[in-house]
Every structure is written in C-alpha cells, then in structure tokens.
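The values are calculated or read from the model by the stated rules, or taken from the named source; none is laboratory data. Small disclaimer: the values here were computed from a predicted structure and weren't measured. Here the Cβ positions follow ideal geometry from the backbone for every residue, glycine too, while neighbour counts run over all protein chains shown.
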Amino acid sequence: MGWINIYSINILNSGGKSELVRHIIVSENIQPRYIIGDRLSDFKAGMENGIETIGCRFYFSKDEELNQADYVIDSLKDLTNLIK
C-alpha cells in the first residue's frame, strides 16, 4: 500500500480553501470531478477550480449555502445515485 498525503488548510499562508484545492490538484497531479461539502467555502473552492460541487445536508449545513452547490444530497449514501 502506498503513502497517502494529508492536507490541511494550515499548510497555506492564505488559509483559503480555493488555494488549498489548487495546491492539492497540482501536488497530486489530479483533476477531480467533484468536491463534496456542506459550506459555502467548499462550493466556492470547487467553482474557482472548475470542479462540480455536491452539497450534503449535514446537521450544521445551511440551505442558503447549499443552494450554491451544483447538486444537493441528503446523505453521503445518495452519492451512488448521483455519481455513475
């Protein structure tokens, strides 16, 4: 099994999620298809990096923030219906 890198917002000076996502894309040489989150900053990070966003209704999510996502699901189990 290979190593898995762990990334945190604390590794960047700016502290912005968009920059963290960009850093991960470059560092890992990947192009993710989706970002799954529950806060507006998650959806902005996706939009600013050209990635579709999926909002998940967790206990602390807010509808006005979820409305900014490309898709909204009620549970992570719903991902199987959305991602094919």
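Overview of results
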read-out: Scan of the stretch 50-65 for residues that are within 12 Å of the chain's Cα centre (by Cα) and touching a residue at least 12 places away in the same chain (Cβ under 8 Å), ordered by number; value: Ile51, Glu52, Thr53, Ile54, Gly55, Cys56
read-out: Some residue of the stretch 26-41 being surrounded by 14 or more Cβ atoms within 10 Å (Cβ to Cβ), basic (Lys, Arg) and over 23 Å from Ile4 (Cβ atoms); value: yes
read-out: Residue selected from the stretch 1-49 under the condition part of a helix (DSSP H, G or I) and among the hydroxyl-bearing types (Ser, Thr, Tyr), by the criterion modelled with the lowest pLDDT; value: Ser27
read-out: Close pairs (9 angstrom Cβ cut-off, 6 or more residues apart or separate chains): free of Cβ contacts under 8 Å to residues at least 40 places away in the same chain in the stretch 13-28, of a type in the set (Lys, Arg) anywhere; value: Gly16/Lys44; Lys17/Arg39; Lys17/Lys44; Ser18/Lys44
read-out: Residue count for the stretch 62-71, restricted to those that are buried (at least 18 other Cβ atoms within 10 Å of the Cβ) and either at pLDDT below 95 or within 17 Å of Ile83 (Cβ to Cβ) (or both); value: 1
